[in-house]
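Laboratory data are not the source of any read-out in this text; all were calculated from the coordinates shown. Model, not experiment: these values are computed from the prediction. No Cβ is skipped: glycine too gets one built from the backbone with ideal geometry, and neighbour counts run over all protein chains shown.
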Amino acid sequence: MKKAVLKEILAYFFIVLMAAIQAAVYHVFIFRNDFAPAGVGGIVTMVQYALHFDAGYLNLIINIPLALLVFFLADRKYALRSFLFVAVFSGMLFVWEAVGLYQYDAGESRILAVIAAGAIIGVVYGFSLRMDSSTGGTDFLAALVHKVKPQYSLVWVIFVLNASVAVVSFFVYGQQMEPVILCLLYCFLQSRISDGILKGFSSALKVEIVTDKPDELTEKLLSGVHHGVTEIAARGGYSHSEKTMLVCLINKRDLPSFKKILAEFENTFAYVSSVNDVYGRFFRNNVL
């Protein structure tokens with residue numbers, strides 16, 4: 001029980017920390033360099049630039065009704081954790097401004113600010129999602145749509161929103177193409193990095209081998225790549241002959257050794273696919 005409570009406390013602490021970091025990134029890299037990031041963050045950034053209405057207030061105004069809808073209609077825990085992120089992010093925008101946190105003026109090299117912001121917020125977003133939280137905005141919309149229409153994909157909705165932010169930034173920032181390009185670059189970096197974090201750090205390769213010499217090949221694999229092997233009975237669709245399929249998870253660095261072993265066996269073929277994450281016992285010399 002104490003362990004579960006401690007885990008919950010650490011989760012909320014981590015969410016607060018991620019929100020404070022994201023607010024610092026907006027203050028240091030985004031507001032000073034005249035470009036809009038993705039989603040709702042891009043909207044509040046452009047409104048602050050054009051109308052001088054504080055992004056912290058507008059972020060709350062947009063997210064409060066969305067958080068309430070998610071709380072009552074979809075997922076209460078997700079709504080609470082996500083709104084905590086939103087509230088801390090909005091509050092820390094005022095704090096960083098009040099304490100005079102350094103702002104990076106990239107000048108003619110605004111792409112450096114975009115790279116820094118996209119990379120850091122990509123990390124923040126990825127870890128927030130892994131904590132069953134989010135940064136609000138479009139994620140609240142995603143939760144609502146998934147509740148009503150779970151078969152729908154929000155890829156196009158999010159794409160249209162981000163594309164709209166990019167187009168509008170052309171007019172907000174003096175009818176220049178550079179803010180549009182910077183917005184698109186930010187979206188790319190943030191999505192790629194957060195996607196990598198969501199997929200996990202325990203990536204591997206799954207090897208599936210069809211062979212008529214399973215015992216010899218298994219012995220070679222166990223001694224050569226040092227990972228367990230699972231045998232599955234198989235039957236050739238063309239020849240109708242009895243075969244064996246060997247399934248093995250290997251590290252990417254083991255691939256050259258695997259290819260060398262496979263070359264020793266005729267009438268054997270294999271295919272390799274990527275595995276985003278591995279759970280359970282993925283240790284050397286353990287039979288799966």
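Straight-line cross-link partners of Lys220 among the lysines, defined as a Cα under 28 Å from its Cα and at least 8 positions apart when in the same chain: Lys206, Lys243, Lys252, Lys259, Lys260. Which translational diffusion coefficient, to the nearest whole µm²/s, is obtained for region 204-275 from the Stokes-Einstein equation, given a Kirkwood hydrodynamic radius over C-alpha pairs, 10 °C and 1.306 mPa s? Calculated translational D: 130 µm²/s. Once both labels are positioned 7 Å from their Cα atoms along Cα-to-Cβ, the gap between Glu219 and His146 label points is 4.9 nm.
With a Cα-only, solvent-free Debye model of region 86-240, what are the log10 I(q)/I(0) values at q = 0.08, 0.14, 0.15 Å⁻¹? Listed by q, the Debye log ratios stand at -0.46, -0.90, -0.97.
Diagonalising the gyration tensor over the Cα atoms of region 5-60 and scaling each eigenvalue by 5 before taking the square root yields semi-axes of 27, 11, 8 Å, largest first. For a paramagnetic label modelled on Phe72 (point 7 Å from Cα along Cα→Cβ), amide N atoms under 19 Å away belong, within region 132-148, to 137, 140-148. Can you give the log10 of the normalised intensity I(q)/I(0) at q = 0.09, 0.10, 0.16 Å⁻¹, computed with Debye over equal Cα scatterers of the chain? Scattering profile of the chain, log10 relative to I(0): -0.60, -0.69, -1.13. Straight-distance candidates among the lysines for linking to Lys2, with alpha-carbon spacing under 30 Å and chain neighbours fewer than 8 residues away dropped: Lys77, Lys199.
Spatially, region 29-46 and region 111-150 are offset by 15 Å when compared through their Cα centroids. Of the DSSP H helices in the chain, those with a Cα length along their own long axis of 20 Å or more and a mean Kyte-Doolittle hydropathy reaching -1.0 comprise 2-25, 55-73, 76-99, 110-130, 155-172, 178-199.
A Förster radius of 22 Å combined with the Cβ-Cβ distance from Lys2 to Arg130 puts the calculated FRET efficiency at roughly 0.45. Put in line by how crowded their Cβ is, counting other Cβ atoms within 10 Å and starting with the fewest, Tyr12, Tyr49, Tyr102 read Tyr102, Tyr12, Tyr49. When only the Cβ of Lys, Arg, Asp and Glu is charged (+1, +1, -1, -1), the dipole of region 2-199 relative to its Cα centre reaches about 880 debye.
Could you give the longest part of the chain that holds none of the GluC sites (Glu not before Pro) found in DSSP loops with at most 15 neighbouring Cβ atoms within 10 Å? Segment 109-263 is the longest. With each label modelled as a point 7 angstrom along the Cα→C-beta vector, the Asp212-Phe13 pair spans 6.2 nm. Dipole of the chain computed with +1 at Lys/Arg Cβ and -1 at Asp/Glu Cβ about the Cα centre; of Ala204, Leu73, His27, farthest Cα towards the positive end is Leu73.
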